[in-house]
1. Does the stretch A:92-148 hold any residues that are assigned to a loop (DSSP other than H, G, I, E, B), surrounded by 19 or more Cβ atoms within 10 Å (Cβ to Cβ) and within 11 Å of chain B (Cβ to nearest Cβ), and which are they?
2. Check B:14, B:29 and return the single one that is at the interface with another protein chain (Cβ under 8 Å from one of its Cβ atoms), at pLDDT 90 or above and under 30 Å from residue C:217 (Cα atoms).
3. Out of C:160, C:149, I need the residue that is surrounded by fewer than 19 Cβ atoms within 10 Å (Cβ to Cβ) and part of a loop (DSSP other than H, G, I, E, B). Which one?
4. Tell me, which residue of the stretch B:62-74 that is in a helix (DSSP H, G or I) and at the interface with chain A (Cβ under 10 Å from one of its Cβ atoms) is modelled with the lowest pLDDT?
5. Might you let me know whether the stretch C:18-31 holds any residue that is in a helix (DSSP H, G or I), at negative phi, within 25 Å of the chain's Cα centre (by Cα) and modelled with pLDDT of 85 or more?
6. Residues being in contact with a helix residue (DSSP H, G or I) (Cβ under 7 Å, 6 or more places away or on another chain) and under 19 Å from residue C:109 (Cβ atoms): count how many of those fall in the stretch C:215-234.
7. Looking at the stretch B:37-61 only, could you name the residues that are assigned to a helix (DSSP H, G or I) and either within 11 Å of chain C (Cβ to nearest Cβ) or crowded, with 16+ Cβ neighbours inside 10 Å (or both)?
8. So, of the residues in the stretch B:94-117 that are facing chain A (nearest Cβ under 8 Å) and in a helix (DSSP H, G or I), which turns out to be surrounded by the most Cβ atoms within 10 Å (Cβ to Cβ)?
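The values are calculated or read from the model by the stated rules, or taken from the named source; none is laboratory data. The shown structure was predicted, so the numbers you read here are calculated from the model rather than taken from an experiment. Virtual Cβ from ideal backbone geometry, glycine too; neighbours counted across all protein chains shown.
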């Protein structure tokens, strides 16, 4: 009697288990199908080049093309065109900034200076930027702008250094455009002035 | 009416209960499927929030941005003028690393890239579908800061602080889901998120307690359009 | 003596309405008659019919597979006719799907006893027609895998259906109609499924019918609840008969296109739907009655009544045609008037005149009782009406689209091979389901027939 009832019980138990497993299997399949439907859309990846994507078409393997030499930005062209890249006349550096030096330009120079120069040259131009130091994992500190040897360089010299690099300093032509370089120079001149007469 | 049968019954007793469970459970099942798929959709599985990415070089934003106070634009130099923030060429890395860390093996890929001219292949972290046109410059110029979308990049330390670092360590992750719902959150109420233009590169900026009034003022000052314009389809899908 | 009695009987048959149940029947003979064919070995004719339908179904599947892999470019649709055969077929099948609920729910509420023997398969037909119809709007999507975007569900895109669009109302109207029709049909089936379970010979059949019968034991309590639920579902389904095709008509009439933009649309569409649906019921009833020898249950009176309703619907549709022309002229709208004349004379004039002849002129034959009770003629007439109603939808959808406000955006639609394959293939789906239905389920309601027999017996006793 007890044996029988236990048998019946286990049979019912087995049936119940089987039913539950079947239901859960069906549920899994349905959920899986829903996930497929929720997959990324085709239009999310269109056959076009996103910035800096590699390309098999060009020999250098890059889809972004370098500027043609001598390209001038639209805002630098026009009727009062000044050659911003002329930092030398003949063999000597020019000593003037070829664009009008306004408060606005100096402000722009300050902003660019603090982005690109201050971490080495320091916010006041004293050569005490955050990355400099005498330890091996620090950058060798540059001379302060207020020192005599730096101060007496003509403006064109600074432009040359920013554009082409100098000693351990690399070139910044790809990070700072020509107009901004002159703005930075105008700001450096201001720093030198205030630091000299302090 | 029912004819008497000698065969064993087909259905066990629990079939009654099962039938009821199936009939009534179906409604809950449907609701459950919708709910579960919604939860999965908004989980990091789908949005990728907080999922660490490895890079060819274990670049630490925390070290460069917080410790060394390097401005975002030093490397992402086109962010103010173009839709694409810009990834630094190897030359930018070498501005410092020509002198700093010249013996470190983790910087080997950088040096190799500089020598061969073969660019480093950084892994993309913030990816939008191609049918969305996001423009970095307009957001920055209208007072939407880096931190609003990218989170505290300056606090992203390599996930496993093991030394020496190698390129198997996840170093950066997405802070926000970048779903349309998330975008609309700001496009519907820009005054809640907008900040003064001078602050957009400030990683520590947080909405002040009077953001309600300052935000509204800034929206007016920067001529940010109303929600009806900003939520038009063609603002992002064009 | 015997002769005069014969004459009297004939006269009685001639003038009195034919009975709803003919012959001498008992409860068990009704049950036997309806359920026996299901337990007999499958006849060859069924295999033939099902094989043919299945072949068509495979054609349907193949053309759908091709459609999904190649895109809707395999159809003739393009600007300006972006809704081609798919929407024509959709509206037509939805219309066919109206008769079932009309017959079973409306006539149940109106206490029309004669509906009993035809309601079961009319409802089944409704469901199968809805299955065909429901596919087309999904098929004609450029990206059919996203059909569920029509439903409001929580998502991280904050995308929600445009509830001001009748296309969204359509989804809800059809879904609700489908669900209510299914429940109505299934509820009606329950007592019969229990009968099938009890008469089943194999264990498998017993288990399957038993599962479907949901434990029906002929209990008085069961009957009490069943009657309530059935009546309630009928009351729910009746307004749906009117609402579904009204909303389908909004798909057109809410647009400002000449030929679509008219307040006439909802009643005109509903009448047209019932018209074509009844025609389809007759088309299916006639061969079914012959195959299952159901002459005792489906009598001439049924066909007479069906034909009368069909005639009434036909007259409503004809009224629609007349008013459509009239308002085009009376409204004084240049585009509307041009569209009306273009229908009769333009590229699709043949379709238009087919529609007029088969939907407005041919049904006038139904005024004659001889036509109404002559099954071959009724069969052919119903075929003509069904075809005519398809052409009506063709004219409404395609003709209206092909002439826009600007002549620069005019164009002509011509269906491709795949367009036709998707239409012909849908008959495969419809007929395959129908063949499976008549093979495995009682196509006439046994429980209701037994009840009807009891009621007519009581009447006889009272008389």
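1. A:117, A:129, A:131
2. Going through B:14, B:29 in turn, the sole match is B:29.
3. Working: C:149 fails: part of a loop (DSSP other than H, G, I, E, B).
On inspection, the qualifying residue turns out to be C:160.
4. Here is the first cut: in the stretch B:62-74, the residues in a helix (DSSP H, G or I) are B:62-67, B:72-74.
From what is left, the residues that are at the interface with chain A (Cβ under 10 Å from one of its Cβ atoms) are B:64, B:67, B:72-74.
Details: B:64: 91, B:67: 87, B:72: 93, B:73: 94, B:74: 94.
That would be B:67.
5. Our first condition is that a residue be in a helix (DSSP H, G or I); within the stretch C:18-31, this holds for C:27-31.
Checking which are at negative phi leaves us with C:27-31.
Now drop any that are not within 25 Å of the chain's Cα centre (by Cα), which leaves none.
No; the residues of the stretch C:18-31 include none that is in a helix (DSSP H, G or I), at negative phi, within 25 Å of the chain's Cα centre (by Cα) and modelled with pLDDT of 85 or more.
6. Residues that pass the stated criteria total 5.
7. Residues of the stretch B:37-61 that are assigned to a helix (DSSP H, G or I), as a first pass: B:37-41, B:44-47, B:61.
Of everything in the stretch B:37-61, those that are assigned to a helix (DSSP H, G or I) and either within 11 Å of chain C (Cβ to nearest Cβ) or crowded, with 16+ Cβ neighbours inside 10 Å (or both) turn out to be B:37, B:38, B:39, B:40, B:41, B:46, B:47, B:61.
8. So in the stretch B:94-117, the residues facing chain A (nearest Cβ under 8 Å) come out as B:94-96, B:98-101.
Narrowing further to those that are in a helix (DSSP H, G or I): B:94-96.
Numbers: B:94: 18, B:95: 24, B:96: 21.
The residue in question is B:95.
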